[in-house]
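Asker: Take this structure first; my questions come after.
The values are calculated or read from the model by the stated rules, or taken from the named source; none is laboratory data. The structure presented is a predicted model; accordingly, all values stated were derived computationally and were not measured. Cβ sites come from the backbone with ideal geometry, for glycine too, and all protein chains shown count toward neighbours. SASA here: full protein model, heavy atoms, side chains in, ligands and nucleic acids out. Shrake-Rupley method; radii C 1.70, N 1.55, O 1.52, S 1.80 Å.
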Amino acid sequence: MTQQATRLVIVTEKVLTKAVAAIIESYDASGYTLIAAGGMGSHNTRSSGEPSVLDHFGNIKIEVITADPDSAKKIADAVSERYAADYACIIYIDPVEVLYSHRL
Amino acid sequence: MTQQATRLVIVTEKVLTKAVAAIIESYDASGYTLIAAGGMGSHNTRSSGEPSVLDHFGNIKIEVITADPDSAKKIADAVSERYAADYACIIYIDPVEVLYSHRL
Amino acid sequence: MTQQATRLVIVTEKVLTKAVAAIIESYDASGYTLIAAGGMGSHNTRSSGEPSVLDHFGNIKIEVITADPDSAKKIADAVSERYAADYACIIYIDPVEVLYSHRL
């Protein structure tokens, strides 16, 4: 069942988990994986230029494997348009080869 | 020590952690990384079509970096043949470039 | 805002988290993501050849997304030169396509 697919990764604030999950489900993706994450990003750096306090595990990494690169981009657009101005957020895609899945 | 390698990723139910680790070790992979994960997948969606309850962190993401793409595929085959009918499971591979490793 | 970028991944022991974060910040990367991890690696296998005890979540996976592949390699070199002799460590890179980021 080898199949080329797109891995969509969204790293954002944990408080957005349900909102982003709802967007993913609205684009008919068959599933997603949630991973607790921490980190430091430019969005969180104070305007003084001092490094921000390390926020341990207040973020979430959300991964979607989809056979449709367009739906990955639509999910990314919807998330960034609604939330990126107000929340830390990075979104990227990466081609992968799926060896097994119940359904893509 | 740059070296082309294959990243094998198995996302499945946490209860299978030891079983999948034993399969990986039997194929002589030099190591693996375990990450707690949650998520929603087609396997978990109820037949009514209603969205499943979000299962926070009942899953595991297992990553293996190997110089041998064949062993990645053999591990994937062994895991999916034994467990995929009964457990949520997605398996994919992704080429990576290893910059440092004690041993691949 | 689509942009080719490099995903740098460092999996090492949790005790090195602050040291590796300081190296990443010194190379002007705009951020990183931290994920708690466990696993088994060749470095941890006892010299008797017996499998090591599974160390649940004593490791950390650190991810950096950067537009500059050279800075990814410099961070990898700095981390491996200072810590790889004494700590479990694997470092790899993977090209990704960034769909949204505040700043790369």
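Asker: Using the Karplus equation 6.51 cos²θ - 1.76 cosθ + 1.60 (θ = phi - 60°), what ³J(HN,Hα) coupling, rounded to whole Hz, does each residue of region A:17-30 give in order, writing x for Gly and Pro?
Answerer: 3, 5, 5, 5, 4, 5, 5, 4, 5, 5, 9, 6, 5, 7
Asker: Let me ask something else. Mind listing the long-range amide H neighbours of A:Gly58? Cut-off is under 5 Å, sequence gap 5 or more, other chains count too, H placed in the peptide plane at 1.01 Å from N.
Answerer: Amide H to amide H, under 5 Å and 5 or more residues apart or across chains, A:Gly58 pairs with A:Gly39.
Asker: Something else about it: With all protein chains present, calculate the accessible area of B:Val15 using a 1.4 Å probe and round the result to the nearest 10 Å².
Answerer: Counting only protein heavy atoms, the figure is 110 Å².
Asker: At B:Asp28, with labels set 7 Å past Cα in the Cβ direction, how many nm apart are the copies from this one, shortest first?
Answerer: With the label placed 7 Å along Cα→Cβ, B:Asp28 yields 4.6, 4.6 nm.
Asker: Turning to a different aspect of this structure: Roughly speaking, to the nearest percent, how much of region B:58-104's 1.4 Å accessible area is carbon and sulfur?
Answerer: Whole-percent figure for carbon plus sulfur exposure: 43.
Asker: Solvent-accessible area per residue for region A:56-104 at a 1.4 Å probe radius, Å²?
Answerer: 41
Asker: For the interface of C with A, what's the total buried accessible surface in square angstrom, probe 1.4 angstrom, rounded to the nearest hundred?
Answerer: Interface area, both chains combined: 2000 Å², rounded to the nearest 100.
Asker: A further question follows. Would you kindly derive the ³J(HN,Hα) couplings of region A:59-65 from the backbone phi angles with the Karplus curve 6.51 cos²θ - 1.76 cosθ + 1.60 (θ = phi - 60°), listing them in order in whole Hz, with x for Gly and Pro?
Answerer: 10, 9, 10, 10, 10, 10, 9
Asker: Report, for A:Gly58, each distance to the same residue's label point in the other copies, shortest first and in nm; define the point 7 Å along Cα→Cβ.
Answerer: The projected label point of A:Gly58 is separated from its counterparts by 3.0, 3.0 nm.
Asker: Below 22 Å, Cα to Cα, which lysines can A:Lys61 reach? Residues fewer than 8 away in the same chain don't count.
Answerer: Counting by Cα, and skipping residues close in sequence, A:Lys61 has these lysines nearby: A:Lys14, A:Lys18, A:Lys73, A:Lys74, B:Lys14, B:Lys61, C:Lys14, C:Lys18, C:Lys61.
Asker: Let me ask something else about it. Give the long-range amide H neighbours of C:Ala88: residues separated by 5 or more places, or on another chain, with amide H under 5 Å away, using H modelled in the peptide plane at 1.01 Å from N.
Answerer: Excluding prolines and chain starts, which carry no amide H, the hits are C:Glu13.
Asker: Between copies, how close do the B:Lys14 label points come, placed 7 Å along Cα→Cβ, listed in nm from shortest?
Answerer: Shortest to longest, the spacings are 1.5, 1.5 nm.
Asker: Considering only protein heavy atoms, what is the solvent-accessible area of A:Tyr100 at a probe of 1.4 Å, reported in Å² to the nearest 10?
Answerer: Probe radius 1.4 Å; accessible area of A:Tyr100 about 50 Å².
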